[in-house]
Each structure stands twice: as C-alpha cells, then as structure tokens.
Amino acid sequence: MIHKQSSLGWPACAALALVCPAATSQQALPASAQALPPGARQIAGVHYVELAARALPAAPWAERVDAFWEGSSMSLALDEAQIARLAGLQVDLYMVDHKDDAQWLANRALVDLRGGPSTHLVQVGFAANVVELDPGNIFGGDGERLSRGLDIVVDVDRDGTLSSGDCIDGAGRAPGAGLLKTAPLNGPYQVVEQIYSAGTWLGQDVYYPANIAQLGPRPLVVVSHGNGHNYQWYDHLGFHLASWGCIVMSHTNNTVPGIVSASTTTLSNTEYLLANQATVLGGVLAGKIDRTRIAWIGHSRGGEGVAHAHNRIRTGAYAPVNFQLSDIKLVSSIAPTDFLGPTSSLALGVAYSLWTGGADADVNGCADCDLCQTFQLHERANFERYSISLHGAGHGAFHNGSASTVATGPCQLSRTDTHLVMKAYFLPMVKHHLFGEPIVEECLWRHWNGFRGFSLPSTPCLVVDLMFRPPASRRLVVDDFQTNPATNLTSSGTSLVATVTGLVEGVFNDNDTVFTDLAGDPMNGMTLAGPGDVSAGIVFDSAPGQRLTFELPAAGRDLRRYTHVSLRAAQATRDPLTTAVLGEHDMEVALRDGAGRRAVVRASALSMGISEPYQRTACGTGTGWANEFETIRVDLEALLRSEPAFDATDARSIELEFVSNGRIGLDEVALEVDP
Amino acid sequence: MKKALFHVPAACLLVAAATWAVREPAPVRLPERQPAPDAAQDGDARKIAAGGGALEAAPGVLRLVAAAPFTLQKPYDHVWRLEAPQVWSGWLVALEADPALCAPRQTPEPVLVAGLQTAARVNHGVLGRVVAVLPCDERLAGAPCAELARSWWWSAPALPEQLDEAALEAARSALPPGAIHAVGEAEWSAARARGGETIAVLDETELWRVAAAWILEHAPEDRETAQGLLVPLEGR
C-alpha cells in the first residue's frame, strides 16, 4: 500500500481505467506511465496496485481494506485497469510475508504462506476477479506485533519471482495487508505484576513482560481509576497490554476531592515511575521505560482527570519534569465525568479515545446532567479520535472489582464480556499509537457486521458503535456544521441542498432535561455538547428517496487524493420515526461528477448502518437512551465501481439518499485518506 | 510473580503506636497554596441532576466512634478544600454516618465537614463507617482545634476541592435545625478513649497507613481500600 505513505494521487488512479489510460496497456509499463509516488518504483515494471480486499456477496463485490482477523476470509480483487491488461491470462496469486523495496530488490523469490500459489484465470468483469486467497487458515500477528504484514502478488509471468509486469500490493515501507492476531487473547509474553507504594497517592500496581531484561525500552500505559474504585481493579488491562509488550502502571488516584486532584495524581505517578525506574521494584524496570511513548487511560473521574492532566501541561499550568507533552501519545477516557467543562477537560493535539457504557447508572448520559455526558470530551478532542460505545455496559463493568457493575437497562453486559471488548479495542489503539502499527487503525472504525474478530462475546446484547475521525491532515471537511449555520450552506462554503424535512442545524445539546420526544426540542437525545461546547450538526426527518446534496469544494473534486467518503450519523432517540422500526438505518452514499454521472453504494452493502439507540428507559418518558453517532466510511473505489464512466477528477457533489423513514442526526461529511 | 503481600494490619498498628505521644495537635499553619490557575469552573448553566448545585443541608453523621489527635513532622496540602492549607496536625476519626451519603459515585458526593473544615475520607464507608482525617486549621476552620471534631455535618453534593471558606460558611448557615451532629461529652469521651493518644508520625503517608489500620478495625467492609494503602513502601 505505497500510497498510504507517499501519495494521495495514485491509488484511485490505478483503480480507474478511464482516468489512467496508461494503466490499461500491456505488461512491463515504463515507470513514467503511472503517476506513482516518488520512491515507489524500486522494481521497474512492477505494478504497485491495491489487491487486498474483503469480498462481498453482491455489488460492489469487494471493499478495499487492509486488515483481516486471523480465521477470517481474505481476498484479492483486481481493479479494472489490471483486468483490462490481464484478461484471458492465467496468473499465479501469492500471499507472502511483507518485504520493503530493498528486501524485494535483494530477493525477488515468491514464497507463498499457504505452501504454494493459487491460480486464477483473469476474466472480464470485476466480480469474476474477486478471489479468495485464504479462508482463514493462516495465523496473524508477528511476535509482539498485532498484525502480520503481508504483500499480495499477482505473478503474471508465473515465474515465481516478483518481476516486470507483475502486480504487488505492498512493498515500499508498508505491507499490502495485515493479518491480525485475535486481539482479546493474550500476547506472546508472560507477565509479572508487582505492587508497591512510594507514599500516599503513590501506590502503583505494575505489570510488565517477564522477559523484560531481554527487551528494549517499552511503552508505558498509565491507568488512573475512578472515584470509589481501586487501583488494583485493572488486571484485565494490565495483564493484557503487558503480554503484548507494554509496561502498565495503575496507580492510586485522589478522585474524591475532585478532578484537579485526580489529574495531579496521574501526573505525580507518571513522574515518579519515570524518575525512579532505576530503583523501584528492585530496578527491574531500569532503562526499560520509553518515556516518549506514553498512554494515559482514565476511568470515570479518572477519565476526566487524564484529559485535564494533558490540558494542564498543554496550557503551561503544569510543567512535567521527566517527560514532555509530546511523549503522551494517547489519552483514553472510560466513562468520564465532565465536571470542569470545555476549557479544562479536553485533550488537544493528541490521539483521544472515549468509552461509553449505554447502561451506565453513574455517569449516565441523561439530558439532565451535563457532567454525566461522556461524549463532550470526545467532541473537544481535535486530533485523531475514537469513540467506542457499548450497549448494556455498566459503569463498573469496565473495572474488575467485585462490586456492582452499576448498570441499569436491558441486555446488560457482564464484566467478562465487557473486558473482552475492551481488550479488542485497547490493543489496536495501543499498537497503533505506541508501537507504530497504522494498519490496525481499521479495527477502530470498521463496523462489526463486516469485521468482527474472534474470542468476542456471542451475546446478541453486545452492540458496539464506533466513531472515528482521522487527523485534519488526512481529511477534507465538506461540512462539519461548525461554521455557516444557514441550512443551505456547508461549512466549506459550498451549497447544501436538502429534500429531507424538518431540518435543523445547531449545537448537539439536548435543550431540556429529558429524552422525552417533545416538540420544540429538535436536538432531543443529543449529548455531544454541553454549555460552552460548540459541536454542531443537523437533524432531520428522512423518507425514501429524499436526499442531502453536499457540493464539493474545489479541493475535493479530484477524488484520486482520497480513499473514503466519511460521515457520522445517529438515530434520534424516542422519535416515532425511530421507534416505529428498531434496527439499523441504511442510506445510499453517492457521488456525482461534472457530467451528471452518479456513482452510488448502499452503506449496508459494505456492512455498515446506523444502530438504533440503546433501549433504556428513564430520563423522561419513552424508551431509548442518548443518540449514538456512528461513523460510516465508504471505500471510494467500491463506490465508483457502480459507474465505470465516472470522472474521478471532476466530482461535484456527495449525495446522501435515504431509503427509509427515520429521524436522523448527521455530521462530519468529509473525504478522507487512509494512513 | 504474585502480587506483593500486604503488611498485616496489626504490625502496622504496632509501628504506629510506637510513635504516638501524649499531646494535643500542634499549632496550625497558614494556607500556602492557591488552587491551580486552570481549575476555574465554567460557571455557566450546566445541568447537574445528581445534586451538585448550591450547597444545601444534608444531615447524616450519626456518631463519633473514635478520635485521636495527630501531629506530623512534615506537612502536606489539604486538597479537600479550595484553599488547600498545609496540614501539620488534626484529628483522625472514625464515625458512623448515613450510608446513603457515603456511597461512592462519580457525580458530586456529599462533603463531610467538621466545623468549617472539610474532612478527608480515607474510605468511602459503604456501610456508613467512615475513617477520616480532619486537619486542624483554626484560621480556616473557625474553631479551636480541640473543639473542631465535635461538630459534624454533611454539605450538599460537591467537589471538596472547589469549596472554600465562604462556601462552607454559607452552607452551614443554611443548615436546618438538627443537621449538625454535636458530639456530646459522653460520646466524646468514649471516642477519645477508643482513639487513644496522639498519633505522632512523620508525614501524610504514615498517617494514612495508620488510618488504613483504623479502616480494618472500624470499617472492615472497606478492607480493599485499606489493603491498597498498606502495600510495601519503597523509596523511603
């Protein structure tokens, strides 16, 4: 996937024969024939293309993805350019361990992980060239890496080497695909846990690989518990992340006085361990903590505390001694409170993740309690950010203490089930941000319908809703509703044409104290913003055939720069249009070019949809809890496949067409590119 | 490797007892620390259904079970109030309270107050049995140190670190009759007898380890909290 590092212009070009006519010519193309990124053409004549794909049972037949769970099917899909070039040829298909360009130059032999290549007769038509490479027989992971890097190769001349005319998905610096170890399972290391105290509020429960003496410096994950919780209640995270190569330290957290005190203990414990690593626990950690790779995870008041601690450093209110702000690579809040509000409880300029339990009976998310609304912290984060919402998870389900799970509502999740999900998401987050495995980012936005790993709870009660937003450098915002409040104008200054009804644009803050469906509260169920917050979007009633048409800004017309169309949406809780049909809400995502051609794909065709709200009562009358946004990221190549004549250099608008009745919240319409 | 063994509470008590001396709390020190500059609240119309708004009456201290004065050689900051005064002395207490007021939660909790001084709860007191550190600070608390531990009440839910003298004064003024638990002579004598002599220790860490032993004695249901405070000390 060379494009992910060095070019925004090439991948879609490779996929679109009409805009890349040179790509349809015969084998051994000159290097200049394709708009390849500098440095990518190390092996002359080799076609660097996208091949790895997830097969779909119907059009668009395949979705370009990079990450595959071990035990799951992995496919190859030839793009139209390669089909045109290779139609009628018998080719060999290889799955090989990833090599960078230099390694390929040094050794071009193809060694298939399956014992030998599969063969394929290239035929006319896209669907005929979606080929399963592995049904799930190959193990994922690679030592302490969650992903096993793979390169996918089409050996056109069938000579068993990567040579001119062949196609490869991979090489460069990044693999073409990643085969992921089952994330909830423990990693390769045995773990040692030790507890010590250096004084009041310096009690630390430390987990580290048993063979740490043989390992280089390790990332540090700090866990800050919540109020009335205990620092010894995070074994599930400590053992898991340490088994994958982290040093995890869970500390006593001074939460009862308040959030400032809690943040102080996050800071003081981080400082203490870094400053005293040579001596604590008999010196076993001496030189083993990489202070430039730190994650802060906080729960509840501690979840707000870690965000506040980051903000204290950022604003200069606290000057760290043994680390610096840029060393904090990830801040994660589990069911956080929001006592301090928009100016103090926020993590800016750092990857941020949020966990929300739908059945949380403490930080409950009801409209009557701003400090109980977790999403506000997520909305303030301005860098890469993730949100993971679990229907049925209670406040206490996130720790492993023996007390109540502090839950109310139907279909509650056990602690065991909740912890499996935590491991399934925390590990990719940590591997991405502390170990540099960008390929696992997909774990944090792909919907479970099409990307559910193994060793996860089988209960139908488990619903996981994800929000994802990459950093600004990887996205072109078409409309995030933060400026230009007129409903016919996008935040990027282009037009928005709506045929939906009842459209209201405003701050995502329920304007009363209940989730009851009431006239005069168009933002009912919205808890993304509290007083002083600015997160805004639109709500509207949808019906089949109704559309929202977002004109693309000039910078968005050339789609070859991007890999995905992205948006986030939620069903409005307790609205009659929502309660009439409880289930996933579908929509069509379309693009229109300057000649009026329309390419379209349904979200459901890519295994995506918008879940109904968690069916919890209280907080007024009716059933349904806070509106839960989910991000839908549509693979551009899959979308454009529906209209082969589409001019990807001249896209003019994004159209969202609804296929059923509903009351919908919508935000963050954007074009994005993968890492 | 298994988790480190906890110190046995009896041993801790013996260590603490060996350092006790018979004397009343030392003179107070003036507050020396101001709240962090970024700790200011938004102050706008935030909805706090869980009860964190204006301070209101919330009676609920039922009995002072044990009380012992303490003195420190090294002070620490009492972050359980906005002024964060330095603590050199005070009372270690065990008391019985309405369990409903003690239940831990993430939203604002009632704040335990004696006189006009906030008490630091060492355990939450899930069954209403609370061990707390009450710093003596006559200037802030408005009562002689010896009298401070004889007037207990709960404020309405709030974050202690956000409460200052004025807020506490206003809250106390608004209390209905009977909201303050005044410790009578018999109760006081019994509590003092159970509490023993002055706890003279080095610092906050040693004080809280004594408090942990009190939790094991007076509120064993919160032993997990106590055990967490009694893990082996390093670097001292």
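The values are calculated or read from the model by the stated rules, or taken from the named source; none is laboratory data. Just so we're clear, the structure is a prediction, and the values are computed from it rather than from any experiment. Quick reminder, even Gly has a Cβ in these numbers, built from the backbone with ideal geometry, and neighbours come from all protein chains shown.
Descriptive notes on the structure:
- The residues of segment A:543-591 that are assigned to a strand (DSSP E or B), within 22 Å of residue A:484 (Cβ to Cβ) and of a type outside the set (A, V, I, L, M, F, W, C), listed by number, are A:547, A:549, A:551, A:566, A:568.
- Residues being in contact with a Gly (Cβ under 8 Å, 6 or more places away or on another chain) and closer than 30 Å to residue A:258 by Cα - total across segment A:171-198: 5
- Residue selected from segment B:75-94 under the condition touching a residue at least 60 places away in the same chain (Cβ under 8 Å) and more than 14 Å from chain A (Cβ to nearest Cβ), by the criterion farthest from residue B:194 (Cα to Cα): B:88
- The residues of segment A:232-256 that are out of contact with any helix residue (DSSP H, G or I) (no Cβ under 9 Å at 6 or more places or on another chain) and away from every other protein chain (no Cβ under 13 Å) amount to a single one, A:243.
- Exactly one residue among A:512, A:517 is modelled with pLDDT of 95 or more, within 14 Å of chain B (Cβ to nearest Cβ) and assigned to a loop (DSSP other than H, G, I, E, B), and that residue is A:512.
- Taken together, the residues in segment A:398-414 that are surrounded by 24 or more Cβ atoms within 10 Å (Cβ to Cβ) and away from chain B (no Cβ under 14 Å) amount to 1.
- Only a single item in (1) without any contact (Cβ under 8 Å) to a residue 60 or more places away in the chain; (2) aromatic (Phe, Trp, Tyr); (3) crowded, with 23+ Cβ neighbours inside 10 Å is not met by residue A:244, and it is number (1).
- Segment A:641-653, residues that are part of a strand (DSSP E or B) and surrounded by fewer than 24 Cβ atoms within 10 Å (Cβ to Cβ): A:652, A:653
- Considering A:189, A:208, A:196, the condition of being in contact with a Lys or Arg (Cβ under 9 Å, 6 or more places away or on another chain), within 14 Å of chain B (Cβ to nearest Cβ) and farther than 30 Å from residue A:86 by Cα is satisfied by A:208 alone.
- Leading residue by the ranking (farthest from the chain's Cα centre (by Cα)) among those in segment B:155-167 that are within 24 Å of residue A:265 (Cβ to Cβ) and part of a helix (DSSP H, G or I): B:167
- When each of B:201, B:130 is tested for being within 14 Å of chain A (Cβ to nearest Cβ), crowded, with 24+ Cβ neighbours inside 10 Å and not basic (Lys, Arg), the lone residue that passes is B:130.
- When A:257, A:219 are checked against the criterion of being within 30 Å of residue A:342 (Cα to Cα) and not in a loop (DSSP other than H, G, I, E, B), a single residue qualifies: A:219.
- Neighbours by Cβ (under 7 Å, 6+ apart or cross-chain): first from segment A:86-105, at positive phi; second of a type in the set (A, V, I, L, M, F, W, C) and part of a loop (DSSP other than H, G, I, E, B): A:88/A:122
- Considering only residues in segment A:311-322 that are aliphatic (A, V, I, L, M) and more than 8 Å from chain B (Cβ to nearest Cβ), the one that is nearest to residue A:374 (Cα to Cα) turns out to be A:313.
- If the condition is being away from every other protein chain (no Cβ under 11 Å), among the charged types (D, E, K, R) and surrounded by 20 or more Cβ atoms within 10 Å (Cβ to Cβ), then segment A:264-310 contributes only A:293.
- Qualifying residues in segment B:102-124 (those that are away from every other protein chain (no Cβ under 13 Å) and not in a strand (DSSP E or B)) - the one surrounded by the fewest Cβ atoms within 10 Å (Cβ to Cβ): B:116
- Among the residues making up segment A:194-219, those that are aliphatic (A, V, I, L, M) and touching a strand residue (DSSP E or B) at 6+ places or on another chain (Cβ under 8 Å) are A:195, A:198, A:202, A:206, A:210, A:212, A:215.
- In segment A:367-386, the residue that is nearest to the other protein chains (Cβ to nearest Cβ) out of those that are of a type outside the set (Lys, Arg) and more than 23 Å from residue B:105 (Cα to Cα) is A:379.
- Pairs where the first residue, in segment A:499-513, is without any contact (Cβ under 8 Å) to a residue 40 or more places away in the chain and the second is hydroxyl-bearing (Ser, Thr, Tyr), C-beta under 7 Å, 6+ apart: A:503/A:487; A:505/A:487; A:507/A:535
- Residue ID - surrounded by the most Cβ atoms within 10 Å (Cβ to Cβ), chosen from residues in segment A:415-461 that are closer than 17 Å to residue A:187 by Cβ and in contact with a Lys or Arg (Cβ under 8 Å, 6 or more places away or on another chain): A:431
- So residue B:222, is it surrounded by 21 or more Cβ atoms within 10 Å (Cβ to Cβ), away from chain A (no Cβ under 13 Å) and charged (D, E, K, R): no
- Lone unmet requirement of (1) modelled with pLDDT of 50 or more; (2) of a type outside the set (Ser, Thr, Tyr); (3) closer than 30 Å to residue A:512 by Cα for residue B:42: (1)
- Of the candidates A:101, A:155, A:134, A:92, the single residue that is under 22 Å from residue A:436 (Cβ atoms) and not polar (S, T, N, Q) is A:101.
- Residues of segment A:53-107 satisfying the condition of being among the acidic types (Asp, Glu) and under 15 Å from residue A:125 (Cβ atoms): A:79, A:80
- The residue that is farthest from the other protein chains (Cβ to nearest Cβ), counting only those in segment A:323-366 that are among the hydroxyl-bearing types (Ser, Thr, Tyr) and assigned to a loop (DSSP other than H, G, I, E, B), is A:345.
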